1. Those residues that are out of contact with any helix residue (DSSP H, G or I) (no Cβ under 7 Å at 6 or more places or on another chain), modelled with pLDDT under 80 and assigned to a helix (DSSP H, G or I), I need them from region 35-78; list them, please.
2. Among what's in region 168-214 and is in contact with a helix residue (DSSP H, G or I) (Cβ under 6 Å, 6 or more places away or on another chain) and at pLDDT below 80, pick the residue that is nearest to residue 254 (Cα to Cα).
3. Taking region 221-270 on its own, how many of its residues are buried (at least 16 other Cβ atoms within 10 Å of the Cβ) and in a loop (DSSP other than H, G, I, E, B)?
4. Would you say residue 147 is under 24 Å from residue 264 (Cα atoms) and modelled with pLDDT of 85 or more?
5. Which one is surrounded by the most Cβ atoms within 10 Å (Cβ to Cβ) among residues in region 130-144 that are free of Cβ contacts under 8 Å to residues at least 12 places away in the same chain and either more than 28 Å from the chain's Cα centre (by Cα) or in a loop (DSSP other than H, G, I, E, B) (or both)?
6. Taking residue 53, is it surrounded by 22 or more Cβ atoms within 10 Å (Cβ to Cβ) and under 18 Å from residue 22 (Cβ atoms)?
7. Going by the structure shown, is residue 92 farther than 14 Å from residue 12 by Cβ, surrounded by fewer than 19 Cβ atoms within 10 Å (Cβ to Cβ) and either touching a residue at least 12 places away in the same chain (Cβ under 8 Å) or over 19 Å from the mean Cα position of the chain (by Cα) (or both)?
C-alpha cells in the first residue's frame, strides 16, 4: 500500500505542475465569469441558464483535465523511458498502474472541488441579482450533479489507462478516449431510437440494430452521470437511481482497471 501511495503522490505532484492544468483552470474561470454576462442579457429563465452554464463549464474543464493532463502522466513515462527506472525497483506493473490512477484521481477530485466552488460562487451571485428566477433551485441538486460529473471523469480516466496499456503512443490513447466519451454520451439515446423506429418513422436494418446494441453494452453509458438538467430544473434524483448508477460505475471502473493491469503486465517495452 505504501508503494501505491508513493506513486500516487509523485503523480499528483507532477500533474499539478503541468502548465496545461493552469490554462484549463483559467478557461474555466472565464467561462464561469461569462455566466454573469449571459444571464444579464437573456433575463429569462435566468436560474436554469445559470445553473446549466456553470455545471457545463465545470464538466468541460474536467474533461480537458483528463484528456490533456491525465493521459500525458503515463505517456511521459513511456515516451521518455522513465518507466524503466520505476519498474527496476521492487514495484510491480500493477502497482505502478494503479498508483498512477490514484494520483490522477486525486488531481481530478481536487480540480473538480475548486471548479465546483467557483461554479457555486457564480450561481450564488446570479441568485442574489435575480432571486425571482430561483424558485425551484436547490443546492443539493448542484452537489449531486458535481459528484456524478466527477465519477464520470474518474471512469473516463480509468478507460484512458486501459487504452494506454496497449496503445503505441499518447495520440492513439487520446483519440480512443475522445471516441469513448462521444459514444458514451449518445449510445443510450441511439439504442432507444433503433429499438423504436416507428416513433420517428425510419427504417433500421438488423445489422445496424445489432451494432448499436453491441456498442451500448461494450461502452459505458456516460449520459447516466449527466444530471445538469435535473439540477437546473430542480428535479429530484431518486435514491434508487443514485444507487444503481454508483454500482454501474463501480463495475466499469473495476473492469477497466483490471483489464488495463492484465494487458500492461504482458506488454513488452522497446
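1. 37, 40, 41, 76, 78 - these are the residues of region 35-78 that are out of contact with any helix residue (DSSP H, G or I) (no Cβ under 7 Å at 6 or more places or on another chain), modelled with pLDDT under 80 and assigned to a helix (DSSP H, G or I).
2. Step by step, filter region 168-214, then rank; the result is 188.
3. Total meeting the criteria: 5.
4. On the way: under 24 Å from residue 264 (Cα atoms): no; modelled with pLDDT of 85 or more: yes.
Answer is no for this residue.
5. Per the stated criteria, the residue is 131.
6. Working: surrounded by 22 or more Cβ atoms within 10 Å (Cβ to Cβ): yes; under 18 Å from residue 22 (Cβ atoms): no.
For residue 53, the condition - surrounded by 22 or more Cβ atoms within 10 Å (Cβ to Cβ) and under 18 Å from residue 22 (Cβ atoms) - is not met.
7. Details: farther than 14 Å from residue 12 by Cβ: yes; surrounded by fewer than 19 Cβ atoms within 10 Å (Cβ to Cβ): yes; either touching a residue at least 12 places away in the same chain (Cβ under 8 Å) or over 19 Å from the mean Cα position of the chain (by Cα) (or both): yes.
Answer is yes for this residue.
The values are calculated or read from the model by the stated rules, or taken from the named source; none is laboratory data. Computed from a prediction, not measured in an experiment: that's the story for all the values here. Glycine gets a Cβ as well: all are built from the backbone with ideal geometry, and neighbour counts include every protein chain shown.
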